[in-house]
1. Would you kindly identify the strands (runs of 3 or more DSSP E) lying entirely within the range 82-156 that contain at least 3 residues that are at pLDDT 85 or above and open to solvent by less than 50 Å² (accessible area, probe 1.4 Å)?
2. Taking the residues in the range 33-70 that are under 19 Å from the mean Cα position of the chain (by Cα) and either open to solvent by 70 Å² or more (accessible area, probe 1.4 Å) or among the β-branched types (Val, Ile, Thr) (or both) as candidates, determine which candidate is farthest from Asn144 (Cα to Cα).
3. For the list (1) open to solvent by less than 30 Å² (accessible area, probe 1.4 Å); (2) assigned to a helix (DSSP H, G or I); (3) of a type outside the set (D, E, K, R); (4) under 23 Å from Met158 (Cβ atoms), I need the number of the one condition that Gly76 fails.
4. Take the conditions more than 17 Å from Asn123 (Cβ to Cβ) and at pLDDT below 80 and apply them to Lys67. Does it pass?
Amino acid sequence: MLPIEERVNTFTIRQHVADVAERLEEELGDEQFCFVEGSQRGWDELPSPDGPLTVGIDGGYVRGQRKQGQFEVIAGKSLLAFKRDQESKQQLSGRCFAWVQTYDEKPKRRLFELLQSQGMQPNQQVDFLSDGGEDVRNVQLYLNPQAEHLLDWFHLTMRIDGIESDCQGTAGEDRRRRRSI
């Protein structure tokens with residue numbers, strides 16, 4: 001990929017990477033609110049899809065360099081459980097993705113194209129595991145008619161713990177008030 005026997009200027013490498021990124025950005029289609037097309041009748045006539053796609057997606061904040069504050073990154077991985085045309089031992093087909101939420105103008109398009117590259121069909125089961133945060137939830141909606149959106153166990157237990165501590169905090173305050181009376 002890179003010539004090993006001769007030295008390469010880092011600016012040249014950076015410029016080549018930027019050129020490739022710009023070309024790929026131009027090839028990417030427009031962002032849409034909904035990528036679901038067709039009708040149930042048309043989806044039922046499609047051949048049986050490969051195994052279900054499972055997409056884990058979450059957001060987090062990364063601190064910028066030189067006190068530039070922080071920015072939100074959405075990242076995840078999609079796994080295709082199996083392919084119907086492979087009879088031998090199968091390996092999971094995984095693809096990773098990430099984008100900066102405040103910078104990227106086409107996050108839903110990028111995720112849709114990634115799932116399409118794994119062979120996603122409208123009649124295929126797609127399970128999204130996420131924390132249920134608004135930014136993450138908005139990007140995964142309307143990508144597939146068979147999509148199911150599930151709250152992952154980690155975030156589910158965090159929410160339950162939060163409810164329990166709220167309840168315990170309220171009960172503790174009530175006890176303190178009763179003692180002071």
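The values are calculated or read from the model by the stated rules, or taken from the named source; none is laboratory data. Note that the coordinates shown come from a computational prediction; the quantities given were computed from them, not determined experimentally. Cβ atoms come from the backbone with ideal geometry, glycine included; neighbour counts cover every protein chain shown. SASA here: full protein model, heavy atoms, side chains in, ligands and nucleic acids out. Shrake-Rupley method; radii C 1.70, N 1.55, O 1.52, S 1.80 Å.
1. On the way: elements: 93-100, 126-130, 147-151.
Once the strands (runs of 3 or more DSSP E) in the range 82-156 are filtered for at least 3 residues that are at pLDDT 85 or above and open to solvent by less than 50 Å² (accessible area, probe 1.4 Å), what remains is 93-100, 126-130.
2. The initial filter retains those residues of the range 33-70 that are under 19 Å from the mean Cα position of the chain (by Cα), namely 33-36, 51-62.
Still in the running and either open to solvent by 70 Å² or more (accessible area, probe 1.4 Å) or among the β-branched types (Val, Ile, Thr) (or both): 33, 36, 54-55, 57, 61-62.
Details: Phe33: 12, Val36: 6, Thr54: 12, Val55: 12, Ile57: 16, Tyr61: 28, Val62: 30 Å.
Selected residue: Val62.
3. Among (1) open to solvent by less than 30 Å² (accessible area, probe 1.4 Å); (2) assigned to a helix (DSSP H, G or I); (3) of a type outside the set (D, E, K, R); (4) under 23 Å from Met158 (Cβ atoms), the lone unmet condition for Gly76 is (2).
4. Details: more than 17 Å from Asn123 (Cβ to Cβ): yes; at pLDDT below 80: yes.
When the stated conditions are applied, Lys67 passes them.
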